[in-house]
Amino acid sequence: GRVAALIPAAGSGTRLGRGPKAYVTVAGRTLLERSVEALRPHVSEVIVALPEGETLPAGVRARAVTGGGTRQDSVRLLLEASDADVVLVHDAARPFLGAGTVRAVLDAARASGAATVALPVADTLVRADGTGWGERVERAGLWAVQTPQAGRRDWLLAAHTRAAREGHAATDDAGLLHWAGHAVTLVPGEATLFKVTTPGDLQLAEALAAMWDA
Ligand code: CTP
Ligand code: MG
């Protein structure tokens, strides 16, 4: 079946403080261009959700739609703009995406219908209380969820439509598929897939780009 990459890039980048993150550059290339170019070889089309009134930055080869007020709204609008059988959803703000990871999450989605990249947690986990360290949380079996996430477009669209109707908010699409009753395969991700969220993340991205682009 046909595969589309859907890239929500309609956020305002409040925590980074540089305007919409899609247009922010790392070593001379926008975050959006980096994400689009990582995905183009693997899919038949790339569709990007942009902030209202914005246009694609130069050099980005994709189709654009206007996003919504939340990430969830933006992804629903992207799903409605595609007629692919399988979709892969990836945050524009995660520019360091390797081909092996894209292939692995797409293979898992073709096999099971729903999959996400996620990173097994390596640090000790603790729940804070009034004094600081409260209670240690068992780390075994815990994964930090990233993107890309992939699955059958009909399942994802049905989950989004129902969530919008019922006012159910989720932080990501694999979570919505799970909420809708589908089993979601976890595919081991990579630390380079961190989301550029704060000014410190952007400094890290600049340093990483020197290696990544070489
Ligand atoms: N996103 C979107 N539509 C929205 C909000 C977010 O398409 N209404 C996208 C962002 O552009 C980003 C991804 O969802 O690629 C993850 O969101 P986040 O990292 O929170 O980005 P922003 O919402 O832009 O940043 P902030 O929350 O700091 O304002
Ligand atoms: Mg946000």
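Values in this text are rule-based calculations from the coordinates and carry no lab data. Note that this is a predicted model, so its numbers are computed, not measured. With ideal geometry, Cβ positions are generated from the backbone for all residues, glycine too; neighbour counts draw on all protein chains shown.
Taking the Cα of residue 45, stepping 7 Å toward and past its beta carbon, and measuring to each backbone N in region 134-167: which are under 15 Å?
153-154, by backbone N distance to the label point.
How do 173, 91, 201, 123 line up, fewest other C-beta atoms within 10 Å first?
So the residues, fewest neighbours to most, are 123, 201, 91, 173.
Only helical DSSP H runs with n ≥ 4 go in: add -39500 (n - 2.57) per run for the chain, normalise by residue count and round the 222 nm mean residue ellipticity to 500 deg cm²/dmol. Could you put the intermediate results ahead of the total?
Numbers: 6 runs with 68 residues, N = 214.
For the chain, the value works out to -9500 deg cm²/dmol.
Sort region 78-214 into rounded, prolate or oblate with this rule: let a ≥ b ≥ c be the square roots of the eigenvalues of the Cα gyration tensor; rounded if a/c is under 1.5, and if a/c is not under 1.5, prolate when a/b is larger than b/c, oblate otherwise.
It is oblate, given that a/c is not under 1.5 and a/b is not larger than b/c.
Using the Kyte-Doolittle scale, which helices in the chain average at least -0.5 and also have C-alpha atoms spread 18 Å or more along the helix axis, with helices defined as whole DSSP H runs? Spell out each step's value before the answer.
Numbers: long enough: 99-112 (20 Å, 0.49); 153-166 (19 Å, -0.75); 199-212 (19 Å, 0.51).
TM-like helix candidates: 99-112, 199-212.
Among DSSP bridges having both ends in region 1-131, what percentage is antiparallel? Round to the nearest 5.
Just about 15 percent of them are antiparallel.
Counting other Cβ atoms within 10 Å of each Cβ, which GluC sites (Glu not before Pro) in region 1-105 have at most 10 and sit in a DSSP loop?
Working: sites: 33, 37, 45, 52, 54, 80; in loops: 52, 54.
Listed in order of number, the matching sites are 52.
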